[in-house]
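As structure tokens, the structure follows; a few thoughts come after it.
No value in this document is a laboratory result; all are computed from the given coordinates. Being a predicted model, the structure only gives us computed values, none of them experimental. When we count neighbours, we look across all protein chains shown, and the Cβ atoms used for this are built from the backbone with ideal geometry, even at glycine.
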Amino acid sequence: MSRHLPPTADNALASQLELAFEDNRLAAQLYGDFDQNLALIEQRLAVSATPRGNHVLLKGAASKVDQARRVLESLYTNLEEGRSVDIADVDAVIRMIETEDSQLTLPTLERKGKVRMAQIATRKSTIVARTPAQDAYMRAMERSELVFGVGPAGTGKTYLAVAHAASLLERGDINRIILSRPAVEAGERLGFLPGDMKEKVDPYLRPLYDALYDMMKPENVERCITSGIIEVAPLAFMRGRTLANAVVILDEAQNTTSMQMKMFLTRLGENSKMIVTGDPTQVDLPRGEKSGLVEAVNLLDGVEGVHISRFNDKDVVRHALVGRIVRAYEADTARRLAEKEGDKDGLARTLGTLPRS
């Protein structure tokens, strides 16, 4: 329930709104420990949020008060549906609300409506989108056969891809998950690394494994790996295969060559999905070698069945400092990479900084 109050005498443009929440227990969870959730809303939206039992009095500019209302109502709905709310969830809903008007093309966003963010559910956990870009990415993975997730570290590209694959496996929509990544970071050939093939590539695929263990019970992950339901496949070993009834994830794709990327993309078989993730500003290929990710994103943009999700520093969901670090490095790295690739416009389009022709 909400009740509009008359504007304050000293500011006719200001607005006051009183919200009432039926369940006192849920209201306490909504406010957070020591009202930390309300404090974040106040800080980010420049409003005053004063709790009085199960009532909250909002004061501020009319547009900001309306945003705060939608944030609180969306979070309260989550609590009513049995989901917990922490400070990260509050930040996520604020982000979604703040960008709503400029992101109306996203399927989850409806003007002036409650925010319903995309979710990925497995038996072990449920992942909820925390930025508009994540929301679009998660929905694209449901409806497209080939999805590119392009952007800086910390935006959830790989984590969400693995979560989506684990969800489809549990639902029985696919039979296998195939994880692949070019092994170029260490500057060594796989044959010189100790152990069998899985042990050789494990260090490169650690982020994928970490996400799998978050989505599935450890014993289930180990059993699926042993039986081949979850397969670790070095990129070089994908040639000649047709991958059917599977989700195939290629991580760190910026380190593929043009020929490797073409070879990988043409492995797609019946009832399969491919998710390709990478950061075009962190290429470790030899000087003069063009990134297959940059080329593929530019060639395939607009092709039916292909979706390209672009992330930027505003989508970083790790520590806030990570976003600032990304911004500090981004301009210089992009300039140097463009010079190395010899394709400044192509890189800029990949990063989303130039309009499509």
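Considering only the range 281-306, state which residues are within 23 Å of Met138 (Cα to Cα), touching a strand residue (DSSP E or B) at 6+ places or on another chain (Cβ under 8 Å) and surrounded by 24 or more Cβ atoms within 10 Å (Cβ to Cβ).
Leu293, Ala296, Val297 - these are the residues of the range 281-306 that are within 23 Å of Met138 (Cα to Cα), touching a strand residue (DSSP E or B) at 6+ places or on another chain (Cβ under 8 Å) and surrounded by 24 or more Cβ atoms within 10 Å (Cβ to Cβ).
If you go through the range 258-278 one residue at a time, how many are in contact with a strand residue (DSSP E or B) (Cβ under 9 Å, 6 or more places away or on another chain) and within 14 Å of Arg181 (Cβ to Cβ)? Write out each step before concluding.
Residues of the range 258-278 that are in contact with a strand residue (DSSP E or B) (Cβ under 9 Å, 6 or more places away or on another chain), as a first pass: 258, 261, 264-265, 267-269, 271-278.
This time we only want the ones that are within 14 Å of Arg181 (Cβ to Cβ), so: 261, 264, 274-278.
Final tally of qualifying residues: 7.
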